[in-house]
Amino acid sequence: GDQCWFAENCRYLPEVSPSSASSTTDPYFYVYGYEGSTVVEAKATTNYETYGVLYNWPAVMTEGICPSGWHVPSDEEFTQLTDFLGGEGVAGGKMKDDVQWNGSNSSGFNGLPGGVYSSENFYGLSYFGVWWSASEYLDYGFNSWIRILYHDTDPVNRTHDVRSSGLSARCLQTP
């Protein structure tokens, strides 16, 4: 449609958060599998280069995550993308990378299975990719809307997750 999305996950990394800590209110930044605290070392890892950074929701909402003229998409903007691609039931196959996954990447979204951080653990690398939206789920501020792509199916799962989880993010060009 008329949307222009990043073709890669965000890599904004002002600091590295310890994998033993999480927060629903303070920004936390993780690199899948990295247990150190040095930004330069974290950026030198294959997971950073391939999958970008995993953010809790407060980190996704920080000003520096997207460059000027871009923003973290709302739940409605994600829905606009999936609707344009034929609906949630088939959009995932069109959004998934065609090298690491069995997707067609016909949308150019280039979704990769970057996994997640939750409860002091990294998991799901190579099995699923999960992206934050900028929209709150109406549950008193504990969850926000997300999108999930799975390695073995074509649908896009629209659901919500607790804000302390470390998930990927994309930027969308501001109209």
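Observations on the structure shown:
- For region 139-152, the candidate set comprises residues that are out of contact with any Ser or Thr (no Cβ under 9 Å at 6 or more places or on another chain) and of a type in the set (Phe, Trp, Tyr); within that set, the residue that is least open to solvent (accessible area, probe 1.4 Å) is TYR150.
- Residue list for region 120-138, filter: open to solvent by 30 Å² or more (accessible area, probe 1.4 Å) and either of a type in the set (S, T, N, Q) or without any contact (Cβ under 8 Å) to a residue 40 or more places away in the chain (or both): ASN121, TYR123, SER126, TYR127, PHE128, GLU136, TYR137, LEU138
- Residue list for region 1-18, filter: open to solvent by less than 60 Å² (accessible area, probe 1.4 Å) and either over 11 Å from TYR48 (Cβ atoms) or of a type outside the set (A, V, I, L, M) (or both): GLN3, CYS4, TRP5, PHE6, ALA7, ASN9, CYS10, SER17
- Contact annotation: residue pairs with Cβ atoms under 8 Å, 6 or more positions apart or on different chains, pairing a residue in region 1-29 that is within 30 Å of PHE84 (Cα to Cα) with a partner that is acidic (Asp, Glu) and open to solvent by less than 70 Å² (accessible area, probe 1.4 Å), are GLN3/GLU77.
- Answer residue from region 78-102, given it is touching an Asp or Glu at 6+ places or on another chain (Cβ under 6 Å) and farther than 22 Å from GLY166 by Cβ and is most open to solvent (accessible area, probe 1.4 Å) among those: VAL90
- Residues within region 110-140 that are in a loop (DSSP other than H, G, I, E, B) and closer than 30 Å to GLY36 by Cα, tallied: 7
Here's the yes/no breakdown for (1) more than 27 Å from THR46 (Cα to Cα); (2) small (Gly, Ala, Ser):
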| site | (1), (2) |
| --- | --- |
| SER74 | yes, yes |
| GLY92 | no, yes |
| ASN110 | no, no |
| GLY114 | no, yes |
| SER133 | no, yes |
| TYR137 | yes, no |
| THR153 | no, no |
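- Any hit, region 153-168, residues being open to solvent by 30 Å² or more (accessible area, probe 1.4 Å) and within 22 Å of GLU49 (Cβ to Cβ): no
- Consider region 19-73 and keep the residues that are more than 18 Å from VAL130 (Cα to Cα) and assigned to a helix (DSSP H, G or I). The one that is least open to solvent (accessible area, probe 1.4 Å) is ALA42.
The values are calculated or read from the model by the stated rules, or taken from the named source; none is laboratory data. Since we're looking at a predicted model, the values are computed, not measured. Neighbour counts run over all protein chains shown; Cβ positions are idealised from the backbone, glycine included. Areas reflect the complete protein model, heavy atoms only, side chains present, ligands, DNA and RNA absent. Shrake-Rupley method; radii C 1.70, N 1.55, O 1.52, S 1.80 Å.
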